[in-house]
Amino acid sequence: MGHHRPATRSKNKRPRTEDNAEATSEIFRKIVSEGDITEEDVNQLYMIWKPACQGCRVNTKDNPNCFCGLVPPLNGSRKSGLWQKTSEIVNSLGPNPSNDLRASSSTPAGLTNLGATCYANSILQCLYMNKSFRKGVFSVEPEILDAEPVLNNIARLFAQLHSSKIAYVDSAPFIQTLELDNGVQQDSHEFLTLLFSLLERCLSQSKVPKARTIVQDLFRGGVSHVTRCAKCGNESQASSNIEDFYGLELNIQGLKSLYESLDDYLGIEELQGDNQYYCDACSMRVDATRSIKLRSLPAVLNFQLKRCVFLPNTTTKKKITSAFSFPAEINMAKWLSEQSQSNLIYDLAAILIHKGPAVNNGHYTAHIKDENTGEWWEFDDEQVSNLGRQPFGSTKQVDVLVDGNNVDDNQLQSMHSNGLKRVQTFTSSDAYMLMYVLRNSKIGVENTDAESVNHKMEVDGPVSSQDESPLPPHLLKDVTVMNSEYTVSCEEYISKKDFKLSKIMEKRQEVRSILSKAPVPSLESSYFWISTEWLRQWADSLTSTSLTIDNTPIKCMHGKVPVSKINYMKRLTPEAWTMLLSKYGGGPTLAKSEYCVDCIFDMGRNMMRANIYRDQRSEMRGLAEAALAGGHSDGKLYYVSKPWLQQWLRRKNIDLPSDADSGPTASIRCPHGELMPELAPGAKRVRVPENLWEFIHQTAMNVKPNDSVGCSSFSSDSEPCSICSVELTEAASSEDNLREFKLKQKQNHEKLAMNKNAALYPDTKYYLLPTSWLSTWRNYINASGKNAPSVEVDTIDTVIDKLLCKEHCRLLERPPELVWKRDLIFQKSAAADQLTFVTEDDWKLLCEDWGGTLSKCIAASIEIDDTVQDIKKEMPTSEERINISEVNSSQCGRPIVKTSPQVCEECIGERESSELVMKLNYTNEDICVCLIRGKEPPKSILEASGGFSDNGRRTSKRSRKAAYGNSVNLNVSGSTSIYQLKMMIWESFGVVKENQVLHKGYNVIDGESTCLADVNIFPGDVLWVTDSKIHENRDIADELSEPNLDAKTTEEGFRGTLLTSTVPSHPVSEPCLN
């Protein structure tokens, strides 16, 4: 036999509310009857008898001895207030400046990204990490810095990167000095080129030799563009010109390594055929060769990898993301035009990375080698990470090159034995610029010829220096001040945090201490009352200020403690009360004896009255139910409102009268003070016995003593008001007349009332009325019943005036279109036209009944145009298909409507032009596009999308849901381009935009830069598209990353900044924007 679980369900079960209410009611009854209040009564009424709670999850309102829930458990916390987690309280103080402390003096500092300035940050870090360039900047005289804001800001920026205690430096002063827009994406190579030009101009004012020419000494090399005649062997005169370069722009498309790109850059181009060269020596056009010759190399050699190419087929730019390899060191001697017998070894010093698959977006970072330690660092704006001894980290696969060729592990042994040197090579799909530094040695060619001087490498002291010199005093002063301010801010934050946490811990200890002493040990002990709301605020407030004790919410009008406030107060021991009062002050003090005797007796009397009222109402309830059921007791009867009595019965658990008990006869009393006729709206009534009426009347007068209108007495023999009876009779007669008038209208105008499209005949006089007026007229004559909508019909003269233009007194609407159907003429679309034909008899009767003048009319007649021999030949293709079933081929003419007065084409044209302009300026509207897989679209789609107008302009009909093929609703505007629409269709159906053949009706829509409004595509139009399947499918992400050229704005570059204000622009490659 199994073990039974002990019953614990009722362990902490609270007493039932009904039991407590009954006990309380009995106590009040005893107090009122005996006229005395005992201490036991007070203990019961004020719930003092309840025990102190232990471990409740929430604070119990009806127990003045419960202090649970005011504070969390010992290890608990809350979302806000005093008991928040310590970490959240610390976070509220703001960021801790100590978190921005530089890890060590050997760890480089980062630069803040102001929005889209990572291109500038990466270049600045590359320049700063070059010790020679850094020393050159630091050596500029203070007076030159004061005169040149650009130099001044870059020197201060470098000084902060050098000696700042903060892990990152604010680049805003330098960016603002250059007047760069920190929200605009720019190209890093273009920025470097323009910055070099600007720095050359600024540094030219310096008298310090190594500072004045530091840019040229480190970064400038020379090239010549040589053209050689294949016939005579002479070089062109321009071939001897040497042009400066600050970086070599290398093609990488289709090339795999730096070696291949250099060979391609210096390769020989054949000039033949139409591209022949005119040789001055030969005096004729001849075959020739053209090439670039490296005349001299700088100490710091920059290779710009041309990852951005222009695609003429799509008129867009694309980023080349193929892998490209480059060595850790490279000997440039063999690429010089004059071969050097010495090695020109360059070591990889920095790699500029452009992350992202597209040209016009992405992110720049820089991987730079520390010249002192040989360690690589990744500079990603504010974040600087140590990569170890490899530029891409130790996890990156490193290849081995021998003489520029890859070797495998099996070849390494023979390589060592032959004494060949192996070189590490690295591969990247995002490398955008490579920076190599000439190895620390004097390199040159011993040649006394003047021409050989151009090939000699000039590497002065700063390049080879390994010592880190201190900052000059004028720069050190600013950094020292900044570091001091930073140290002070760190100390202030720590002091502020310690002070706040100590105050919080002190307050928490105070709250727990006082609450532990708050419970009163016994019924006989002294105690004091305190507001639960104030106690809750005190136990959860972070501060102790403005927390004066406020017991006024629990005090009655007699200045005592009312029993009605028992759910809003707690009782404290004298010790706990004294501790609170001595620290926070306030009051009033409400002791044990401060219970309100007057309030207790008032509450007792009210409770007894409620019991009496409840008993009486229960007794009257049966009489009311019998009255509503139609039962009549003997004796005098009175009228009350039937809806009021029904509502009175529905109310339950009523202890005392309320506003709902007032006005038992308000709805059956007429404005003249008499009984309303029962046929009047809302005047339904019921007869009740006299005793029920007296109870209802007395209760209503107690609630509203001055409401004599709502409590008027009407005995069952009262006569209805004679005046109101006459008014009701007249109203009923008026309704009968109106009903008769509407019936007569339907009989006189049977076809018009039923909206039937009647046949029309030539040589017969007709009249035209607005279709909207006839629709309103039909609604009026067909409306019936009490709930019928109120419809107002204008007079005919009024609507005729609206149809005529004021300037010419001619018709402002075109007459309806007519069609042949079964050898008869009908109005083509009476529902859609602005005007509708009516017969002469209908016109006369309508004028008679609706305020019309017979002579003030729009007369119409129908004539047959015999000049049209073949209707179908004259019709546009779209209309022919739509209306071919409506045209009878036996007819030899087209019906034409002639109106008097004539149509005012001038006013109609102005109105339609204005409407067209408004129609073209739509925004955020839907059109429907259907994908047609077959050769021809179904008729339903052509009818929904096609259209033709007399003006030769394509128009559209409101879109109806397509019942064929795949369809989608697209949200567009009038300014949406066809290119953008095709991109939406591509995303919806997966059909590349080049394969989309877009139609509206039978017309093909093309021109990607054209807007929808230009080709008359309006809200609700239905378009259809087919897939030509000519071009290969591709991922839409590729197209989204390369926006349509027509839709893009012109790239401004650095126009309008200090970089281009006074410096001529240098030729740059296609940029990759970050």
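The values are calculated or read from the model by the stated rules, or taken from the named source; none is laboratory data. In this text, all values refer to a predicted model and were calculated from it rather than measured experimentally. Heads up, the Cβs are rebuilt from the backbone with ideal geometry, glycines too, and the neighbour counts pull from every protein chain shown. Accessible surface areas use protein heavy atoms only, side chains included; no ligands, DNA or RNA. Shrake-Rupley method; radii C 1.70, N 1.55, O 1.52, S 1.80 Å.
What distance in nm separates the two pseudo spin-label positions at residue 389 and residue 29, each 7 Å out from Cα along the beta-carbon direction?
9.9
Could you calculate the FRET efficiency of residue 266 with residue 93 from 1/(1 + (r/R0)^6), where r is the beta carbon distance between them and R0 is 56 Å, rounded to 0.05?
With R0 = 56 Å, the Cβ-Cβ based efficiency is 0.35.
Run the reach check for residue 555 against lysines, Cα to Cα strictly under 16 Å, same-chain hits fewer than 8 apart removed. What comes back?
565, 570, 592
So, counting K/R as plus one and D/E as minus one, what does the shell of residues with Cβ under 12 Å around residue 531 add up to?
Taking every other residue near residue 531 into account, the sum is +3.
Could you sort 684, 507 by accessible area so the largest value comes first, with the probe set to 1.4 Å?
Values: 684 135, 507 5 Å².
Reading off the accessible areas and sorting them downward yields 684, 507.
According to a simple spin-label model (label point 7 Å from Cα along Cα-to-Cβ), what is the distance in nm between residue 372 and residue 736?
So the label points at residue 736 and residue 372 sit 11.4 nm apart.
Assigning unit charges at the beta carbon (Lys, Arg +1; Asp, Glu -1) and nothing else, what dipole magnitude in debye, to the nearest 20, does segment 334-378 show about its Cα centre?
Using Cβ point charges on Lys, Arg, Asp and Glu, segment 334-378 gives about 240 debye.
Report residue 687's accessible area, 1.4 Å probe, all protein chains in place, as a number in Å² to the nearest 10.
For residue 687, the solvent-accessible surface is approximately 90 Å².
R0 = 60 Å: FRET efficiency of residue 225 with residue 483, Cβ-based, nearest 0.05? Write out the running numbers ahead of the final one.
On the way: r = 51 Å, r/R0 = 0.86.
Step by step, r from the Cβ atoms, then E = 0.70.
Under a 1.4 angstrom probe, counting protein chains only, how are 841, 100 ranked by accessible area, largest first?
Highest to lowest solvent-accessible surface, that is 841, 100.
Note down the net charge around residue 369, summing +1 for each Lys or Arg and -1 for each Asp or Glu among other residues with Cβ under 9 Å from its Cβ.
Net charge in that neighbourhood comes out at -4.
FRET efficiency for residue 44 and residue 614, Cβ-Cβ distance as r, R0 = 25 Å, nearest 0.05?
0.65
Leaving ligands, DNA and RNA out of it, work out the accessible area of residue 761 with a 1.4 Å probe and give it in Å² to the nearest 10.
Roughly 120 Å² of residue 761 is accessible to a 1.4 Å probe.
Enumerate the amide H contacts of residue 587 below 5 Å, restricted to partners 5 or more residues apart or on another chain; note that Pro and chain-start residues carry no placed amide H.
The list, which skips near neighbours in sequence, is 549, 550, 551.
Which value, in Å² rounded to 10, gives the accessible area of residue 1006 with a 1.4 Å probe and all protein chains present?
Residue 1006 has an accessible surface of roughly 100 Å² with all protein chains in place.
If packing is taken as the average number of other Cβ atoms within 10 Å across a peptide's residues, how do 610-619, 668-677, 122-131 rank, most packed first?
Taking the mean over residues of other Cβ atoms within 10 Å, the ranking is 122-131, 668-677, 610-619.
Sorting 538, 644 by accessible area (1.4 Å probe), largest first, what list results?
Accessible-area ranking of 538, 644, largest first: 644, 538.
Across segment 853-866, in residue order, what do the Karplus-derived ³J(HN,Hα) couplings come to in whole Hz, using 6.51 cos²θ - 1.76 cosθ + 1.60 with θ = phi - 60° and x for Gly and Pro?
9, 4, 7, 8, 8, 10, 7, 9, 9, 10, 10, 9, 7, 6
Taking 7 Å along the Cα-to-C-beta vector as the label spot, tell me the residue 1033-residue 509 distance in nanometres, rounded to one decimal.
The two pseudo-label positions are separated by 7.3 nm.
Pairs of Cα atoms under 8 Å, at least six residues apart: use those to get the relative contact order of segment 551-672, whole percent.
After rounding, I find 23 percent.
Extension gain residue 523-residue 994, at 0.36 nm per residue separation less the Cα-Cα distance, in nm?
Difference between extended and current length: 160.4 nm.
Regarding segment 161-218, what are the three Cα extents along the principal axes, ordered largest first, in Å?
That works out to 35, 31, 18 Å along the principal axes.
Provide the per-residue ³J(HN,Hα) series for segment 365-380, in order, calculated from phi with Karplus coefficients 6.51, -1.76, 1.60 and θ = phi - 60°, each as a whole number of Hz, with x at glycine and proline positions.
Rounded to whole hertz, the list is 9, 9, 9, 10, 8, 6, 5, 7, 9, x, 8, 9, 10, 9, 9, 10.
Please list, ordered by chain and number, the residues whose modelled amide H lies under 5 Å from the amide H of residue 821; skip anything fewer than 5 residues away on the same chain.
Here the answer is 826, since their amide H atoms fall under 5 Å of that of residue 821.
If you stretched the chain out fully between residue 783 and residue 237, how much longer would it get, using 0.36 nm times the residue separation minus the C-alpha to C-alpha distance?
Working it through step by step, the gained length comes to 186.5 nm.
Once phi is turned into θ = phi - 60°, what whole-Hz ³J(HN,Hα) does the Karplus curve with 6.51, -1.76 and 1.60 give for every residue of segment 114-119, x standing for Gly and Pro?
8, x, 9, 10, 5, 5
5 Å is the cut-off here: which amide hydrogens, built 1.01 Å from N in the peptide plane, fall below it relative to residue 169, excluding neighbours closer than 5 in sequence?
The answer is 110, 111, 112.
Suppose the chain between residue 723 and residue 902 were pulled fully straight at 0.36 nm per residue; how much longer would it get relative to their current alpha carbon spacing? Let's see the in-between values first.
Details: separation 179, 0.36 × 179 = 64.44 nm, distance 5.71 nm.
Residue separation times 0.36 nm, minus the Cα-Cα distance, leaves 58.7 nm.
What's the local net charge at residue 648, with K and R +1, D and E -1, over the other residues with C-beta under 12 Å away? Working shown, then result.
On the way: positive: 617, 621, 642, 650, 651, 652; negative: 625, 661.
So the environment of residue 648 carries a net charge of +4.
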